[in-house]
Every structure is written in C-alpha cells, then in structure tokens.
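To start, the structure itself, in structure tokens.
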Amino acid sequence: AIVGGLATWLGVWASGSRTAFMAAAIVTTAIGIAIVVESGASRAKRLYAPLAVLGVIGVFVVLVAAANPRTTGPVGRLWATLPSPSVASMKEFAAEMWNRNRYGLAATAMAKDHPLFGVGVGTYQTIAFDYVSDAPLQPDNAQNWLRHEFVEFGAIGSLGWIVWFALFAIFVLRVKRGDGSGTWITRGMLLAFGAISMFGMPGQAVTVAITFWTIAFWYTSL
C-alpha cells in the first residue's frame, strides 16, 4: 500500500495538475485519519497522524522536484498562482479565480440573461464566445461545476440538484464516533471530488462520473 501510494503521488506530480494535487492531499489526509481511527489512538494523536503523513509526502515531493529542477510540478504551478501579500494582489487573485480566463465572466452574463430556466443543457460551450466579443473563447466549461449547472438549468431547473447537493453534503460531512476506516477514506474521496469541482468539471468525463457515483454508493452503504 505504501509503495502504491508513493507511485500514485509520483503520477500526480508528473501530471503537473494543481487540482490533482489538491485531491491527492485531501484523500491522503483522510487515509491518515482512517489509520489512526482503526488503531484506536487517542484524540490528540488523531490530529498529529494526518499532519505526519502529509509531512512525509511533502518531503518526498521536494526530493522528487530536486532530482530534476527542470520539471515544474503542481506545487510550483500553485505557488506561481498565489497572490503576493497585498490587498490589490489578493483582489486580483480572487477575481481571476472567479472569472477563470473569462469563462466565469461569460457564465455570469448568461445567468443574468436567463436567470429562471438557463441557456439549455449542453449549450454553454456553444455560446460562451458570444458573451466575450473582444476575446473569443474556445469551447469549454464554466470552470466550476455548480456555476455551470446553474447557468444551463437556471434557478427553477436547478432546484432538484441544489437540494440533493445540500442534503448529500450534510450527510458526508456528518462525522460520527463509529465511523470506520472505509467511511473516512470514501468521505475523503468525495470531499476531494467536491473541492476540485469548484475549479473545473471532471465529472463531464463518463469514466469520472461513474467513479464518483461508485464512491457515493460505497460511502452510503458504509
């Protein structure tokens, strides 16, 4: 399991993906908690174990990065994205995270034009460039799963998935004393999927969508 985990982390690093790095960090933390819970450690140790696991992974990532300084991994890309310690830089960073190369800007404009029923399922990619005339956009999603769904379905059409999202989020985040290792790990996987869906739309790929629902049913059964 340790060898497999390190190999997976090496794959995440090689991909250079910041969202993959975020997901892997969340799931690894959940695995650390699961190991501590399974071993019946005290409450204090439950806080130290995940941090220790992340510390080991951090050292491993640094060593891999040092081995080939020409390779830009997800940490370097993430560091380059972060704002400088100034109000203006943080405002600019927040605006970019929301607008995401104008895809978010187009989504906001669509929501204002069609607030109740949206622009139609699967339509965002087709008409996004119409909303940014000075810099035409390549066909892509709204860079945020919730925003994309709201834009295409509108407020009325989104009622169903909003209710489901809220109820399932509460179900996932509700921690109980009897939660076993499997529950913690699958919870971590669902939280990771939710986190990266705020910065992209991995669920548009059929294999990823099937993986998500498999984990969701797995967590529910546990």
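The values are calculated or read from the model by the stated rules, or taken from the named source; none is laboratory data. What you see is a predicted model; the values in this text were computed from it and never measured. All Cβ positions, glycine included, derive from the backbone under ideal geometry; neighbour counts span all protein chains shown. For accessibility, only protein heavy atoms count, side chains too; no ligands or nucleic acids. Shrake-Rupley method; radii C 1.70, N 1.55, O 1.52, S 1.80 Å.
Need a quick list: helices (runs of 4 or more DSSP H) entirely within the stretch 1-111 having at least 1 residues that are exposed (fewer than 13 other Cβ atoms within 10 Å of the Cβ), at pLDDT below 65 and not small (G, A, S). Break it down into steps so the answer makes sense when it comes.
Numbers: elements: 2-15, 18-39, 43-67, 74-81, 87-99.
By residue number, 43-67, 74-81.
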inquiry  = Can you tell me which residue is farthest from E96 (Cα to Cα) among those in the stretch 126-147 that are open to solvent by less than 50 Å² (accessible area, probe 1.4 Å) and part of a helix (DSSP H, G or I)?
reply    = I127
remark   = Residue hits (the stretch 148-170; surrounded by fewer than 13 Cβ atoms within 10 Å (Cβ to Cβ) and either closer than 25 Å to S221 by Cα or touching a residue at least 12 places away in the same chain (Cβ under 8 Å) (or both)) are I156, G160, V163, W164, A166, L167, I170
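Does at least one position in the stretch 175-189 carry a residue that is small (G, A, S), in contact (Cβ under 8 Å) with a residue 40 or more places away in the chain and buried (at least 17 other Cβ atoms within 10 Å of the Cβ)?
Step one: filter the stretch 175-189 for residues small (G, A, S), giving 178, 180-182, 188.
Narrowing further to those that are in contact (Cβ under 8 Å) with a residue 40 or more places away in the chain: 180-182, 188.
Within this subset, residues satisfying the condition of being buried (at least 17 other Cβ atoms within 10 Å of the Cβ) are 181, 188.
Among the residues of the stretch 175-189, at least one is small (G, A, S), in contact (Cβ under 8 Å) with a residue 40 or more places away in the chain and buried (at least 17 other Cβ atoms within 10 Å of the Cβ), which makes the answer yes.
Does T123 qualify as being of a type in the set (S, T, Y) and either open to solvent by 90 Å² or more (accessible area, probe 1.4 Å) or touching an Asp or Glu at 6+ places or on another chain (Cβ under 8 Å) (or both)? Can you show your working first?
Values: of a type in the set (S, T, Y): yes; either open to solvent by 90 Å² or more (accessible area, probe 1.4 Å) or touching an Asp or Glu at 6+ places or on another chain (Cβ under 8 Å) (or both): yes.
Criteria met by T123.
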task = Could you please give the count of residues in the stretch 190-222 that are within 17 Å of the chain's Cα centre (by Cα) and in contact (Cβ under 8 Å) with a residue 12 or more places away in the chain?
result = 18
